Structures are given as C-alpha cells and as structure tokens.
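Novice: One structure is given below, represented as structure tokens, and several questions about it will come after.
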Amino acid sequence: HKIVLDFNTSVKFQKEVDRDYLILLREGKIWGHKEKSGDILLVKTPTAELFVTGTIFEVEIKETCRTILTVAEGKVLFTSANKTIPVNAGCQSIGSQGEIPTPPVKVDISPLSWAERLGTISKNITL
C-alpha cells in the first residue's frame, strides 16, 4: 500500500487490530494506492469515513470542512452523516458537515496524473 501526502497535509497513521490501518486526515490532500489484500484501510476526515479495500484514490479536505473523494480505480465506500455510498472508478463525491455524500459524478481523472503523484511528489509512505 502506498500513500502520498500533498504539501501542508496533516495526517496521523495507526495500525489497527490485526492487519487493518487507520489514517486520520485533518487537512490537506492524500493520494493512495491500496492493494487488494484482504485488509481494510480506513480514512477518517472531520466530515467523512472512507472504507478502502483495493483501489487508487484521492482525498482532499477543503477549507469549509468538505471531504472530496475521487476514485481512479476500483471502489471506495464513502460515509458522511451516517449515509454510506459506493464511489466507483472515474467518479467523485463530496461529504460536508452534517450532510449525506453527494451522488457520485463522472470526472476526468487524467489530469490528476495518478502515477506521477504516487511515485514522485511530496512524501511517500508505505504501509
């Protein structure tokens, strides 16, 4: 598994029970590649929880406490205000304080340069 932190990102990593991992993202942006391996990566933000089982994804927290999830490959379960929705590859959803996630919308993921971000910028962390 690989996580890349953007500049000015505040995050805490924890190893959970057995093989599961927890990332507490307070502010900023992360890109992640979670291999399909049976364990679960849980990303918690001030407004949402993301259950990641095998995918490439981006999570960003905006100034207004909005969590923006973009999925490049696979699927992520996105929870906000006690409502969970699946967000599939090529889609984006937003979770805001006290509001359910927006319906996933198709987005162009090519400008995000996923491979470059996962290999060459900011700080790489291998879980």
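The values are calculated or read from the model by the stated rules, or taken from the named source; none is laboratory data. No experiment lies behind these values; they were computed from the predicted model shown. Surface accessibility is based on the protein's heavy atoms, side chains included, excluding ligands, DNA and RNA. Shrake-Rupley method; radii C 1.70, N 1.55, O 1.52, S 1.80 Å.
Novice: Using the Karplus equation 6.51 cos²θ - 1.76 cosθ + 1.60 (θ = phi - 60°), what ³J(HN,Hα) coupling, rounded to whole Hz, does each residue of segment 98-108 give in order, writing x for Gly and Pro?
Specialist: Each residue's phi maps through the Karplus curve to give x, 10, 5, x, 5, x, x, 10, 5, 9, 7 Hz.
Novice: Residue 20: accessible area at probe 1.4 Å, nearest 10 Å²?
Specialist: Per-residue accessible area (residue 20): approximately 60 Å².
Novice: Taking θ = phi - 60°, what integer Hz values does the Karplus form 6.51 cos²θ - 1.76 cosθ + 1.60 yield along segment 45-62, in sequence order, with x for Gly and Pro?
Specialist: 10, x, 10, 7, 10, 10, 9, 10, 10, x, 5, 10, 8, 10, 10, 10, 10, 8
Novice: In nm, what is the difference between 0.36 nm times the number of residues separating residue 51 and residue 26 and their Cα-Cα distance?
Specialist: Value of the extension gain: 7.3 nm.
Novice: Now, a different point. Determine the order of 26, 66 by accessible area, beginning with the largest, at a probe radius of 1.4 Å.
Specialist: 26, 66
Novice: Based on the alpha-carbon set only, what is the convex hull volume of segment 1-98 divided per residue, in Å³?
Specialist: Hull volume normalised by residue count: 85 Å³.
Novice: Can you tell me how much longer the chain between residue 105 and residue 6 gets when fully stretched, taken as 0.36 nm per residue apart minus their C-alpha distance, in nm with one decimal?
Specialist: 33.3 nm
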